[in-house]
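Student: Pasting a structure here, questions to come.
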Amino acid sequence: MSIKECKLIQLPKITDPRGNLTFIEGNHHIPFDIKRVYYLYDVPGGAERGGHAHKQLQQLIISISGSFDVILDDGYEKRRFHMSRSYYGLYLGSMIWRELDNFSSASVCMVLASTVYEESDYYRDYQEFLEAVKIKQ
Ligand code: TYD
């Protein structure tokens with residue numbers, strides 16, 4: 001997938017003086033069925049996460065608390081997104097190399113994923129990822 005197809009999706013937000021509420025339904029607000037949810041938390045200052053791409057997996061990345069940056073790379077172009085609002089999700093399709101950095105204190109990064117965890121779906125080597133991107137073009 002091209003980086004241009006990765007996008008920020010504005011999620012429903014029910015504002016209420018008692019506290020706001022956001023919800024996400026698979027195949028409705030996002031273009032896939034949700035098979036797995038995971039989250040990053042207790043991230044120490046200066047840490048970097050990610051550093052991989054997926055062969056098939058689609059994901060939505062949300063900053064549930066605090067903020068962080070996501071750097072996307074489709075092998076041709078890079079884009080940095082600053083995630084700081086719980087009612088925006090960053091949609092990523094397959095074959096996008098991602099890195100996460102600039103985590104604020106007490107930040108929580110929640111990820112909705114289209115498949116269960118499968119190590120064979122990962123490219124963890126950047127050169128191998130680049131070669132696979134060129135073959136697919
Ligand atoms: P990884 O995907 O490399 O994390 P990040 O992209 O945030 O740096 O996963 C880190 C470790 O956690 C790795 O050993 C695989 C394991 N893991 C699971 O067992 N299940 C999961 O759903 C995820 C996302 C990771």
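The values are calculated or read from the model by the stated rules, or taken from the named source; none is laboratory data. All of these numbers come straight from a predicted model, not from anything done at the bench. Backbone-built Cβ (ideal geometry, glycine too); neighbour counts: all protein chains shown. Just the protein is used for accessible areas: all its heavy atoms, side chains included, with ligands, DNA and RNA removed. Shrake-Rupley method; radii C 1.70, N 1.55, O 1.52, S 1.80 Å.
Student: Mind checking whether some residue in segment 48-56 is within 13 Å of the ligand (Cβ to nearest atom), open to solvent by less than 30 Å² (accessible area, probe 1.4 Å) and on the phi > 0 side of the Ramachandran plot?
Tutor: Checking segment 48-56: at least one residue is within 13 Å of the ligand (Cβ to nearest atom), open to solvent by less than 30 Å² (accessible area, probe 1.4 Å) and on the phi > 0 side of the Ramachandran plot.
Student: Related question: So Gly45 passes all but one of these: (1) modelled with pLDDT under 95; (2) touching a Gly at 6+ places or on another chain (Cβ under 7 Å); (3) not charged (D, E, K, R). Which condition number does it fail?
Tutor: Among (1) modelled with pLDDT under 95; (2) touching a Gly at 6+ places or on another chain (Cβ under 7 Å); (3) not charged (D, E, K, R), the lone unmet condition for Gly45 is (2).
Student: In segment 110-126, which residues are out of contact with any helix residue (DSSP H, G or I) (no Cβ under 8 Å at 6 or more places or on another chain) and closer than 15 Å to His52 by Cβ?
Tutor: The answer is Val111, Ala113, Tyr117, Glu118, Glu119, Ser120, Asp121, Tyr122, Arg124, Asp125, Tyr126.
Quick grid of which residues meet (1) near the ligand (Cβ under 9 Å from one of its atoms); (2) hydroxyl-bearing (Ser, Thr, Tyr); (3) not in a strand (DSSP E or B):
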site	(1), (2), (3)
Met95	no, no, yes
Leu100	yes, no, no
Ser104	no, yes, yes
Met110	no, no, no
Val116	yes, no, yes
Ser120	no, yes, yes
Gln127	no, no, yes
Leu130	no, no, yes
Val133	no, no, yes
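Student: Residues in segment 78-102 that are farther than 18 Å from His54 by Cβ and either open to solvent by 20 Å² or more (accessible area, probe 1.4 Å) or out of contact with any strand residue (DSSP E or B) (no Cβ under 8 Å at 6 or more places or on another chain) (or both): how many?
Tutor: Of the residues in that region, 9 qualify.
Student: Moving on. Given the criterion open to solvent by 50 Å² or more (accessible area, probe 1.4 Å), at pLDDT 95 or above and not basic (Lys, Arg), identify the matching residue among Pro17, Pro12.
Tutor: Pro17
Student: Restricting to segment 7-36, what's the tally of residues that are closer than 18 Å to Met83 by Cα and either within 16 Å of the ligand (Cβ to nearest atom) or β-branched (Val, Ile, Thr) (or both)?
Tutor: 4
Student: Phe68 - would you say it is within 14 Å of the ligand (Cβ to nearest atom) and open to solvent by less than 30 Å² (accessible area, probe 1.4 Å)?
Tutor: yes
Student: If a residue must be touching a residue at least 60 places away in the same chain (Cβ under 8 Å), more than 17 Å from the chain's Cα centre (by Cα) and not in a loop (DSSP other than H, G, I, E, B), how many such residues does segment 1-49 contain?
Tutor: The qualifying residues number 2.
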